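Contents: one structure, followed by commentary.
The values are calculated or read from the model by the stated rules, or taken from the named source; none is laboratory data. This one's a predicted model, so the numbers in the text were calculated from it and none came from an experiment. Don't worry about glycine lacking a Cβ; one is built from the backbone with ideal geometry, like all the others, and counts go over all protein chains shown.
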Amino acid sequence: MAGEGVTVPWYRGISFKVSAVIVLLVVATVAVAGLIFLATLHHYTEGVLKSRGRYIAATLAQQAVEPILYEDRVALLKLLESFQPEAGGATDEAAIVDYAEIRDRDGRRLAEAGRIATPPPVHQSGGEGVVVTDAGGMVFEVAAPVVVKGVQIGLVRVGVTRALARARLRGLVGQIALLLACAALLAASATVLLSRRFIRPLLQMIHGARQIGAGGWGTQIQVRSRDETGELAATFNEMSVRLQEALEEVHRTQAQLIRSERLSTLGSFAAHLAHELKNPLTSIKLSMQAMAEGERGCLDAEERELILNDVARMDEVITSFLAYGRRRPVAPVAVEAAPLLEEIGRRLVARGRQAGVAVELAVAPDLGCLRLDPERISEALENVVTNAIQVSDDGAVVTVDVSRDHRGLRVAVADHGPGMDAEVRAHLFEPFYTTRHGGTGLGLAIAQQGVEDHGGRIEVESTVGRGTVVTIVLPYTGEE
Amino acid sequence: MAVRRRWGWVLVAAALLCDAPVAGAAGAERGLCFAISAMVSPARTFSDYQAFMRLLGKRLHQPVELKQRKTYEEVNELLRTGNADCGLVCTGAFIHADRHFKETVVAVPVVHGEETYHSYVIVRKDRPYTSFADLKGKVFAFTDELSNSGALYPTYLLAKRGETPDHYFSYTFFTHSHDKSVEAVARGLADGAAVDSLVYDALVAAAGPCALATRIIHRSPPFGIPPVVVSPKLPPDHRRKIARALLTFADEPEGKAALARLGIDRFARPPAHLYDSVREMESFVDRFRRQHHAVVE
């Protein structure tokens, strides 16, 4: 049962459940059978006792004829004593006789023997034959008339005790209890052994499933049985092989997809780059053609400035594409958050000022220390703030609020621009997606990459006509 | 219904009917005690005597109780002490008692017109014995020590030959009733036995299997039939009342029917010298025993 996965407690195992059910069934069956047996035996014993009591009384009545007619009390006493254990009578018969007495036809006691000093009142049989009087106690009485040719000359009364029969029944109860315990023990042992044998293939399958879970694709289990468990094991083995084949197909398909995705991305990247570079190149080309055709001997100052702007534009485009295309891995270092962000903020304030937008920076004092790549974070934050500046009108205010909460370092950049609808928000971080003429659509994509490479996230709240708040959350993963 | 032959050995004293009840010798608080030493099984005796006892009580205006004892000696003792008022005793027991205390015969039964009976010596049918002499060295069953037909007569036969039972037979024992002696022979317990002719004839008439398995090899001369006697303790007037009751018992159909169950025709006064032959046999045996004892000592 040992394995790397979750181990089922013994009391929840099939072996225990099956054993418990069978033991309960066996115990219940043996107990019911024992009770029925005891009840039947009790009934039978009662019948035998009554029958033997009648026989003893009738025998005594028959044998008492001569002694009664001879008035031989000694013979009567000896006759009674022959049915008493103390007198060495026949063991079985004597053991059930508690007392006995013989009376004459007038009710006078002629002889008595027994254990009870004051036997119950005389039962007059009236010559009706053997009469059993049973009050349900330990002793019942059998009375038999002593009759000669239809004339009653006396009466024999025998008290028959149930003590011996009940003692034997008690002994049987003990033996049945022992049998019950033995049966339960045997049933438990047998069912544990059998059930373990039956569930062994299941255990092997569990082990195999765990191996598959741990990466052992194609694991096969060996089950020799030809029953349902054998069929299940064969199905399991087949499933394992199919899983391995399916996984290999997935890997192949994934590799192809990645390759296709890369090609597609590369195509898209190249198309966007070409598109961004085409306009300035066209402008420069027209200026250079005019000069070459001799319309003008040289370029005037305005034309030169236009060409320089186009070149600057191309440089900006190429720089952005390189920044996105050649993503550098994060090289985290431990830095104090507040000084780093204040430094970045100062650059952003200057950039805003150039654009006619007031960038207001608020850095909380207790930000602590965290591990990050300053260059990547600076790049991400600058892109977010630049985007806010670009959508703001002249004289507008962009606030950068740096604080700390339970999730980590929190930088909220809020503008009062036109805001975004849901459609725009859904594509906001996609590469090359932009709503601004002349924009590359890479700024926020690069920002998201930088933040997510640090294990952080970017959240956007925007209302059309009221502005947007972009919040960068960075976790404190290093020493503070 | 066939006429059932009953025990012809029954003897009862007789008395005339009288109005006053007979006070028992033991006192007026109990009824009359009639003692019998059962010559057949006591249960059969009890059953057969029920009607007779009831009718006798009616005649005497008092209940009559039947007392049975195993041996003749015990019956004699009941009569001697007055614990029984009257009784039917074996001839041998009567002769024995008559020598020690006075038992009065009040009536004798008449069976088949006779007041006598015999002693039979019987053997099993498949045995080769033809005479009493053939039983020498064999096993012999006596009925009772005081029985005339069952003990005195065969002892007398041996005494006349100068033999005693202990010497003549290889082994002897007492059965205490004639039917048991018949059964002992039939079952092979004894090679021979001496029994009452009245009992044996009745058993044969009733086709008793044991009786039919035996045969008679010797028949004695007639002896006085067992009588009905009264206790010496019983007052004379009571004796007369009992005698009257018995002698008139068969005068009415009811009494005749009760006696018929016992195989008795009627009761009669005892003839003179009825028991002389038995007395002579007993004297002879007694003398022989004394002489034999003297010789042995």
Residues of segment B:63-72 satisfying the condition of being closer than 22 Å to B:Ala243 by Cβ and either within 11 Å of chain A (Cβ to nearest Cβ) or in a loop (DSSP other than H, G, I, E, B) (or both) | B:Pro63, B:Glu65, B:Leu66, B:Lys67
Just give me the residues in segment B:255-271 being farther than 18 Å from B:Phe34 by Cβ and over 19 Å from the mean Cα position of the chain (by Cα), in sequence order.
-> B:Lys256, B:Ala257
Among the residues of segment A:422-434, is any in contact with a helix residue (DSSP H, G or I) (Cβ under 9 Å, 6 or more places away or on another chain) and at positive phi?
-> yes
Only one of A:Ile344, A:Ile307, A:Ile284, A:Ile318 is assigned by TED's automatic domain parsing to the domain that holds A:Asp394 and either among the hydrophobic types (A, V, I, L, M, F, W, C) or within 57 Å of the chain's Cα centre (by Cα) (or both), namely A:Ile344
Considering only residues of segment B:201-212 that are free of Cβ contacts under 8 Å to residues at least 60 places away in the same chain and buried (at least 23 other Cβ atoms within 10 Å of the Cβ), which is nearest to the chain's Cα centre (by Cα)?
-> B:Leu203
Do you know which residues across segment B:163-200 are of a type in the set (Asp, Glu), under 14 Å from the mean Cα position of the chain (by Cα) and either within 19 Å of B:Asp126 (Cα to Cα) or assigned to a helix (DSSP H, G or I) (or both)?
-> B:Asp179
Is segment B:46-62 home to any residue that is part of a strand (DSSP E or B) and under 28 Å from B:Ala194 (Cα atoms)?
-> no
Restricting to segment A:318-360, what's the tally of residues that are of a type in the set (S, T, N, Q) and surrounded by fewer than 17 Cβ atoms within 10 Å (Cβ to Cβ)?
-> 2
Would it be correct to say that A:Leu442 is within 26 Å of A:Val317 (Cα to Cα) and in contact (Cβ under 8 Å) with a residue 24 or more places away in the chain?
-> yes
Would a scan of segment B:249-256 turn up a residue that is buried (at least 20 other Cβ atoms within 10 Å of the Cβ) and in contact (Cβ under 8 Å) with a residue 40 or more places away in the chain?
-> yes
Scan B:Val75, B:Val89 and give me the residue that is within 11 Å of chain A (Cβ to nearest Cβ) and surrounded by 24 or more Cβ atoms within 10 Å (Cβ to Cβ).
-> B:Val75
Enumerate the pairs (first residue in segment A:63-75 and more than 11 Å from chain B (Cβ to nearest Cβ) and touching a residue at least 40 places away in the same chain (Cβ under 8 Å); second residue anywhere and aromatic (Phe, Trp, Tyr) and crowded, with 20+ Cβ neighbours inside 10 Å) with beta-carbon separation below 6 Å, excluding pairs fewer than 6 apart on the same chain, so at least 6 apart or on different chains.
-> none
Mind listing just one residue for me: the one in segment B:35-45 that is closer than 22 Å to B:Arg80 by Cα and touching a residue at least 40 places away in the same chain (Cβ under 8 Å) and, of those, nearest to the other protein chains (Cβ to nearest Cβ)?
-> B:Ala38
Taking the residues in segment A:133-160 that are among the β-branched types (Val, Ile, Thr) and touching a Leu at 6+ places or on another chain (Cβ under 9 Å) as candidates, determine which candidate is nearest to the other protein chains (Cβ to nearest Cβ).
-> A:Val148
Hey, B:Asp48 more than 10 Å from every other protein chain (Cβ to nearest Cβ), under 25 Å from B:Thr248 (Cα atoms), among the charged types (D, E, K, R) and in contact (Cβ under 8 Å) with a residue 60 or more places away in the chain or not | no
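Please tell me if B:Phe267 is assigned to a strand (DSSP E or B) and not aliphatic (A, V, I, L, M).
yes
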